[in-house]
1. Scan 162, 213 and give me the residue that is under 23 Å from residue 14 (Cα atoms) and in a helix (DSSP H, G or I).
2. Suppose the filter is assigned to a loop (DSSP other than H, G, I, E, B), within 21 Å of residue 232 (Cα to Cα), touching a helix residue (DSSP H, G or I) at 6+ places or on another chain (Cβ under 8 Å) and in the same structural domain as residue 226 (by TED's automatic domain parsing); does residue 170 pass it?
3. Looking at (1) modelled with pLDDT of 90 or more; (2) under 19 Å from residue 3 (Cβ atoms); (3) assigned to a loop (DSSP other than H, G, I, E, B), can you tell me which one residue 186 breaks?
4. Can you pull out the residues in segment 137-183 that are within 30 Å of residue 34 (Cα to Cα), modelled with pLDDT of 85 or more and buried (at least 16 other Cβ atoms within 10 Å of the Cβ)?
5. Which numbered condition in (1) outside any helix (DSSP H, G or I); (2) touching a residue at least 24 places away in the same chain (Cβ under 8 Å) is the only one that residue 155 fails?
6. Can you name the residue in segment 189-207 that is in contact (Cβ under 8 Å) with a residue 24 or more places away in the chain and assigned to a strand (DSSP E or B) and, of all such residues, is nearest to the chain's Cα centre (by Cα)?
7. Would you be able to say whether some residue in segment 4-13 is assigned to a helix (DSSP H, G or I) and free of Cβ contacts under 8 Å to residues at least 40 places away in the same chain?
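The values are calculated or read from the model by the stated rules, or taken from the named source; none is laboratory data. Bear in mind the structure is a predicted one, so any value in this text is a computation, not a measurement. Don't worry about glycine lacking a Cβ; one is built from the backbone with ideal geometry, like all the others, and counts go over all protein chains shown.
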């Protein structure tokens, strides 16, 4: 087999290992981003709940003040009952007392409902704050134990060194064709030809002339797939795609 093809097959093995490691590293980095985003969302939830608690608190204070006003009104009107000179004045006082009582009852019911809402919102805010704190801690832990996406792991650096060593010995034409296909995310940069049937993995039949060119060490690219073709007389030893 052409030495350049053998070198490209070695590069392909290295590339597959590097891609696997890169995906794992980026997934770990993604966990940091996901946790940070979730923490931001939890913070926003806690802030919104706290803001709503403040608004309801203002209403509760207002309604509580209204209840106190109603009590004072009732007290004042009752003190006037014995001094009513006419039945009309007396009934006006009675009606005023009843109106104040009704308003107080309504305000007390509203305060009760609002206090229940405040309690629920405070619990929601507390849960969101706890969640945000836990997510921030998780993000920091993942970040401190895993490399960020822009940094290569020690294993990746070793593979890069192996790649560079092989790359430096390759025929430039073969290297350029291979790296162009890899950059384009080609699924099968190198495609083996069965030496007996002259067929490829896609079922196409390669001409005798092209087979001879490959055996002579020339770079041959299959037009339909853009794959770099090679003939392995000993059989497929390395994965193609």
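1. 162
2. Yes: the conditions hold for residue 170.
3. (2)
4. If the condition is that a residue be within 30 Å of residue 34 (Cα to Cα), modelled with pLDDT of 85 or more and buried (at least 16 other Cβ atoms within 10 Å of the Cβ), then 156, 159 are the ones that fit.
5. (1)
6. 190
7. Yes, because at least one residue in segment 4-13 is assigned to a helix (DSSP H, G or I) and free of Cβ contacts under 8 Å to residues at least 40 places away in the same chain.
Conditions tested, residue by residue: (1) within 57 Å of the chain's Cα centre (by Cα); (2) loosely packed, with under 14 Cβ neighbours inside 10 Å.
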residue: 51; (1), (2): yes, yes
residue: 59; (1), (2): yes, no
residue: 72; (1), (2): no, yes
residue: 75; (1), (2): no, yes
residue: 80; (1), (2): no, no
residue: 84; (1), (2): no, no
residue: 89; (1), (2): no, yes
residue: 100; (1), (2): yes, no
